[in-house]
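**Q** Next up is a structure, given as structure tokens.
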Amino acid sequence: MQRTEGTPEPGVPGAVTDVRALLEQGTRALSGAGARREAAVLLRSTLGVSDAWLIAHDRDAVGAESTAAYLAAIRRRAAGEPVAYLTGVRGFHALELRVTPDVLIPRTETELLVDCVLRRLPAGSPCRVADLGTGSGAVALAIAHARPQARVVATDASPAALRVARGNATRLGLGNVEWLHGDWCAALGDLHFDVIASNPPYVAIGDGHLRAGDVRFEPAMALVSGPDGLDAIRCIVRDAAAHLAGQGWLLFEHGFEQGAAARELLRQRGYKAIFTARDVEGRERVSGGQVAAA
Ligand SMILES: C[S@@+](CC[C@H](N)C(=O)[O-])C[C@H]1O[C@@H](n2cnc3c(N)ncnc32)[C@H](O)[C@@H]1O
């Protein structure tokens with residue numbers, strides 16, 4: 001077949017191709033469940049357009065530069081890189097966050113932690129909240145957004161993560177968050193809070209899940225925490241009470257098989273009203289407890 005100007009010629013650098021052909025080529029290259037959706041996300045991100053635009057313009061020509069950029073992203077995705085690192089964005093609790101390989105990609109499960117925190121913070125009242133191990137700032141910023149009267153302190157041991165989080169706060173115009181560098185509760189100095197929240201690393205060293213999927217590309221310090229995955233949780237449960245106001249709450253995310261261990265750690269440290277919340281699939285994901293009145 002002789003090609004004329006504008007005829008789709010997928011994958012050939014310099015050639016003009018169209019949206020539909022690129023989507024088909026990307027879907028084939030990725031294969032498996034979700035391939036079509038991921039190809040669309042990567043094309044949308046490359047072209048800087050919406051889903052609706054892709055559907056309405058599926059016969060529009062795509063220039064050589066955009067085609068090459070899209071196909072490079074498809075190759076990287078096919079090699080395992082997370083879609084969120086390729087697009088640089090991830091939605092979390094009504095916010096769009098920038099993410100880089102310096103931070104964990106915020107998970108949908110972690111929205112449960114935010115919801116559990118918000119249930120303990122009456123809307124319209126001033127309150128003090130800490131987010132330990134903030135990463136992209138997901139938890140801190142979601143709380144700061146939903147409770148504009150809250151003063152939020154967010155910490156991380158990774159300066160690079162804090163840079164990403166600060167950038168997200170600036171882009172989102174959320175000024176009620178302070179960012180502190182340091183190790184878990186040690187970063188809090190002599191501050192006290194109504195709620196301390198954390199989504200700490202909780203995967204055991206050597207866990208097989210670390211060798212598959214997106215986590216291979218995420219920072220190890222955001223994922224791994226000692227031989228049983230509980231080192232960070234032990235440290236936070238041990239030290240948080242000294243930073244909680246009377247009747248303040250500690251809430252943290254954990255692995256779905258760590259609920260009993262989490263409750264036991266809270267019980268040993270004298271917390272009351274100990275609870276575990278389950279995710280939409282019924283798995284134990286967030287535990288917490290309250291300190292006694294001052
Ligand atoms: C599971 S990630 C959670 C990130 C973010 N809160 C979220 O939910 O998307 C854990 C975070 O804890 C941070 N971290 C690891 N060790 C730490 C430590 N000793 N002190 C403070 N933060 C730490 C990591 O850098 C990472 O950002």
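The values are calculated or read from the model by the stated rules, or taken from the named source; none is laboratory data. What you see is a predicted model; the values in this text were computed from it and never measured. FYI the Cβ positions are ideal-geometry reconstructions off the backbone, even for glycines, and counts take in every protein chain you see.
**Q** Which is surrounded by fewer than 15 Cβ atoms within 10 Å (Cβ to Cβ), modelled with pLDDT under 95 and more than 19 Å from the chain's Cα centre (by Cα), of 260, 293, 212? Let's see the steps before the verdict.
**A** Numbers: 260 fails: modelled with pLDDT under 95; 212 fails: more than 19 Å from the chain's Cα centre (by Cα).
Of the residues listed, the single one that is surrounded by fewer than 15 Cβ atoms within 10 Å (Cβ to Cβ), modelled with pLDDT under 95 and more than 19 Å from the chain's Cα centre (by Cα) is 293.
**Q** Give just the number: which of (1) under 9 Å from the mean Cα position of the chain (by Cα); (2) on the phi < 0 side of the Ramachandran plot; (3) not acidic (Asp, Glu) does residue 125 not satisfy?
**A** (1)
**Q** Only one of these conditions is not met by residue 269: (1) in contact with a helix residue (DSSP H, G or I) (Cβ under 6 Å, 6 or more places away or on another chain); (2) charged (D, E, K, R); (3) within 24 Å of residue 136 (Cα to Cα). Which number is it?
**A** Going through (1) in contact with a helix residue (DSSP H, G or I) (Cβ under 6 Å, 6 or more places away or on another chain); (2) charged (D, E, K, R); (3) within 24 Å of residue 136 (Cα to Cα) one by one, residue 269 breaks only (3).
**Q** While we're on this one: If only one of 128, 171 is surrounded by fewer than 24 Cβ atoms within 10 Å (Cβ to Cβ), charged (D, E, K, R) and more than 17 Å from residue 248 (Cβ to Cβ), which one is it? Break it down stepwise before answering.
**A** Values: 128 fails: more than 17 Å from residue 248 (Cβ to Cβ).
Checking each option against the conditions leaves just 171.
**Q** Give me the pairs: first residue in the range 97-126 and in a loop (DSSP other than H, G, I, E, B), second residue among the hydroxyl-bearing types (Ser, Thr, Tyr) and within 12 Å of the ligand (Cβ to nearest atom), beta-carbon distance under 6 Å, and six or more apart or on different chains, which are they?
**A** Note: pairs meeting the criteria are 99/136; 103/136; 106/136.
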